[in-house]
Every structure is written in C-alpha cells, then in structure tokens.
Amino acid sequence: MHPEWLIFVEGVSCLSGGNANEWDNIPDPWQNCDWWGGNLSAAIDQPVRLSVADRLVYAPHDYGISVFDRQSWFEDPNFPNNLPSVWDHFWGKLNKQNVAPIMLGEFGSTLANPLDVQWLTTLMSYLTANNMSFTYWSWNPNSGDTGGIALDDWYTVNQQKMNILSPHLNPPTGVNPSPSVSVSPSPSTSTSPNPGGACSATYTITNQWQGGFGVTVRVTNNGTTPTSNGWRVVWTYAAGQQITNLWEGSHTQSGANVTVNPASHNRVINGGQSVTFGFNGSWSGSNPVPAPITCTVL
C-alpha cells in the first residue's frame, strides 16, 4: 500500500524461541542467543521477503553490562576485541554481505561499569567502519536499564556518553553531510603548550573518514579560581581544514584561524575541573593536529 516505506525488522533473542536475557538457565549455546531483538544470525538462510525490492532494513539491538551482565562475550579474556566477531555473527554479516542494510535500532548503557565504556567505544567504531546507521537508547533519562543522554534533570547532557557518540554523528542535512566511512582510525592528540598556566586544552581527533573528521577538545582549569568570565581556545590549521558544526560552544573561523568560546552552561570551570566541546570538520589531502593550541581565561 505504501511502496516508498522502509520496513524495519528486528531480530529474536534465541533461535529456539527462548529468551537469553533472564536470570534462569540460558536455553541455548551463545551462538543461538543474543539480546531481545538482537539475533538475526539466521536471516541469511531464512530471510524476510518483501513484495517491493530494496525496502528491507534489519534493525537489531545491542546493550551493555548495565542491562544484563551474563552475556558470555563480556567474560571473554579478549574483551573488547572479541566484540566485532560477535556482532558479525548476529547481524553485521547482513550488511557486510550486502543482504540488507543494518540500522542498530537500540543500544545503550548507564556506563556505570568501565567495561561498558569499552563496549560502547568499540561498538561506535564498528558501526562507523562498516557504514551502519543507528539510533541510541535513549534520549530521556527514565530508562531504568540504561539511563539517558539527558540526565535526571531532563536538561543537562550526559557528557560522557556524548563524547563517545558525537564523533560518529553526521552533520545536519545541508551542512556538508559526509558518510561515516572510517579511513584513519588512529586518534591524534595535541595539548596546549602551557598546562601549568591558568587553563589548558587538549585537542583529540576521535574519528576520521574520507573528507571529514571529528574532534573532542578538553578544556581544564589548572588554577583554583573558577573561570567566572569564561575561557577561550585558539588554534591555527595548517592544511585548510574547516569546521562544519560545533557543539558545547561557539566558534569563528577566519581562514586558518579558529577561536572557540564556551556555551553559557560550560562557561564556568571550577579549579581543577574540565569541560569538553566537540565538532565535525572537513579536510582534503592531510589532517594534521594543530599546534600550538592556546587556552586563555577571560
């Protein structure tokens, strides 16, 4: 009736019809069980067929230890390096073998367990490297298993989560959108040359793909007095890079010269504390980390 619609299909938990995410005996070997909605391991042999071609999208789920800590891959001594093979088995092969696109429909964690930080960081790199889409669970904070991107005040952003997610987000439509295909996974970092001064800034390339890159900058108040009037970070690009969109602050760029000022909510940094801002940018030819990076308390 609506041939232009995309049809999103989740997976199962266990191929037997059982449920692995309970505190009872897991009914099947791990190869047959995944998260609720996460198991599409049989979809190549038993695919969904639609009457209109090129409208099927598989939408698995994946979660961290805060949701269920008994998944066997969390206990693997090779964790988190074992995770890509787990995802390949349950759903990634559908994308890699061009069976159908993958849109990871739910994934999340409170990140209370440090292993979940490794899980989420590895998952985002996997999705970007394989050009898979995703929607994070959840924005709102009242999901008991995962919490949200918004904190319990329904206003403040969970910066730990956003620092991991932001480099993998495409710019808004119409602002130089770029596909997130990883071509240089190794992060590059530069720290302002005066870490003993009033403030310092660390510039880290967290993700890079053909024509685009993501950066997180951590600004630290090295003194004991709050930055009541704000702060400013300045650097100069050496290879023509351009910032396309920036969050947690405002910026101006004149040629190669970039100036970043804080947003209203992160203007004040208490002594010994840090805040971050991030951005996506475009590059061509090379993308060296700028140096020096200057931080000034206003």
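Has the range 24-36 got at least one residue that is part of a loop (DSSP other than H, G, I, E, B), more than 25 Å from the chain's Cα centre (by Cα) and modelled with pLDDT of 90 or more?
From the range 24-36, those part of a loop (DSSP other than H, G, I, E, B) are 24-29, 34-36; that's our starting set.
Still in the list and also more than 25 Å from the chain's Cα centre (by Cα): 24-29.
Cutting the leftovers down to modelled with pLDDT of 90 or more gives us none.
No, because not a single residue in the range 24-36 is part of a loop (DSSP other than H, G, I, E, B), more than 25 Å from the chain's Cα centre (by Cα) and modelled with pLDDT of 90 or more.
So in the range 11-23, with the set limited to residues that are crowded, with 16+ Cβ neighbours inside 10 Å and part of a loop (DSSP other than H, G, I, E, B), which one is modelled with the highest pLDDT? Lay out the reasoning, then the answer.
Initially, the range 11-23 is screened for residues crowded, with 16+ Cβ neighbours inside 10 Å, giving 11-15, 18, 20-21.
From what's left, part of a loop (DSSP other than H, G, I, E, B): 11, 13, 15, 18, 20-21.
Values: G11: 95, S13: 90, L15: 88, G18: 73, A20: 62, N21: 55.
Per the stated criteria, the residue is G11.
What's the number of the only condition in (1) within 27 Å of N140 (Cα to Cα); (2) modelled with pLDDT of 90 or more that Q46 fails to meet?
(1)
Please state which one of L127, L94 is over 21 Å from N207 (Cβ atoms), assigned to a helix (DSSP H, G or I) and hydrophobic (A, V, I, L, M, F, W, C). Reasoning before the result, please.
Values: L127 fails: over 21 Å from N207 (Cβ atoms).
None of the other options fit; the residue is L94.
Within the range 34-56, count every residue that is surrounded by 17 or more Cβ atoms within 10 Å (Cβ to Cβ) and of a type in the set (A, V, I, L, M).
The first filter runs over the range 34-56 and keeps only residues surrounded by 17 or more Cβ atoms within 10 Å (Cβ to Cβ), leaving 34-41, 43, 56.
Now narrow it down to the ones that are of a type in the set (A, V, I, L, M): 40, 43, 56.
Qualifying residue count, the range 34-56: 3.
So, in the range 216-233, exactly how many residues are touching a Cys at 6+ places or on another chain (Cβ under 8 Å), assigned to a strand (DSSP E or B) and of a type outside the set (F, W, Y)?
The initial filter retains those residues of the range 216-233 that are touching a Cys at 6+ places or on another chain (Cβ under 8 Å), namely 219-223, 227, 231-233.
Within this subset, residues satisfying the condition of being assigned to a strand (DSSP E or B) are 219-221, 231-233.
With of a type outside the set (F, W, Y) added as a condition, the list becomes 219-221, 232-233.
Selection size over the range 216-233: 5.
Could you look through the range 52-87, keep only residues that are in a helix (DSSP H, G or I) and among the aromatic types (F, W, Y), and pick out the one that is nearest to L40 (Cα to Cα)? I'd like the intermediate steps shown before the answer.
Let us first name the residues in the range 52-87 that are in a helix (DSSP H, G or I), namely 72-75, 83-87.
If we keep only those that are among the aromatic types (F, W, Y) as well, we get 73-74, 87.
Working: W73: 17, F74: 20, W87: 10 Å.
Within the range 52-87, the match that is nearest to L40 (Cα to Cα) is W87.
Go through the range 238-264 and report how many residues are free of Cβ contacts under 8 Å to residues at least 24 places away in the same chain, over 22 Å from the mean Cα position of the chain (by Cα) and not in a loop (DSSP other than H, G, I, E, B). Don't jump to the end; show me each part of the working.
To start, the set of residues in the range 238-264 that are free of Cβ contacts under 8 Å to residues at least 24 places away in the same chain comprises 250, 252-257, 263-264.
Right, trim to over 22 Å from the mean Cα position of the chain (by Cα) and you get 252-257, 264.
Now drop any that are not not in a loop (DSSP other than H, G, I, E, B), which leaves 252-254, 257, 264.
Going through the range 238-264 one residue at a time, the tally reaches 5.
If I filter the range 185-221 down to residues being within 16 Å of the chain's Cα centre (by Cα) and modelled with pLDDT under 50, which single residue comes out as surrounded by the most Cβ atoms within 10 Å (Cβ to Cβ)?
Step one: filter the range 185-221 for residues within 16 Å of the chain's Cα centre (by Cα), giving 185-187, 204-209, 212-217.
Next, from what is left, pick out any that are modelled with pLDDT under 50: 185-187.
Numbers: P185: 12, S186: 6, P187: 15.
Checking each candidate, the answer is P187.
Report whether or not P177 is outside the structural domain of I269 (by TED's automatic domain parsing), in a loop (DSSP other than H, G, I, E, B) and modelled with pLDDT of 85 or more. Steps first, please.
On the way: outside the structural domain of I269 (by TED's automatic domain parsing): yes; in a loop (DSSP other than H, G, I, E, B): yes; modelled with pLDDT of 85 or more: no.
So P177 fails the test.
Which of the residues spanning the range 57-87 are surrounded by fewer than 14 Cβ atoms within 10 Å (Cβ to Cβ) and of a type in the set (D, E, K, R)? If you could, list the steps in order and put the result at the bottom.
Taking the range 57-87 and keeping what is surrounded by fewer than 14 Cβ atoms within 10 Å (Cβ to Cβ), we get 69-70, 75, 77-78, 81, 85.
Residues satisfying the conditions are D69, R70, E75.
The values are calculated or read from the model by the stated rules, or taken from the named source; none is laboratory data. Keep in mind it's a predicted model, so treat the numbers as computed, not measured. Every residue, glycine among them, receives a Cβ derived from its backbone with ideal geometry; neighbour counts consider all protein chains shown.
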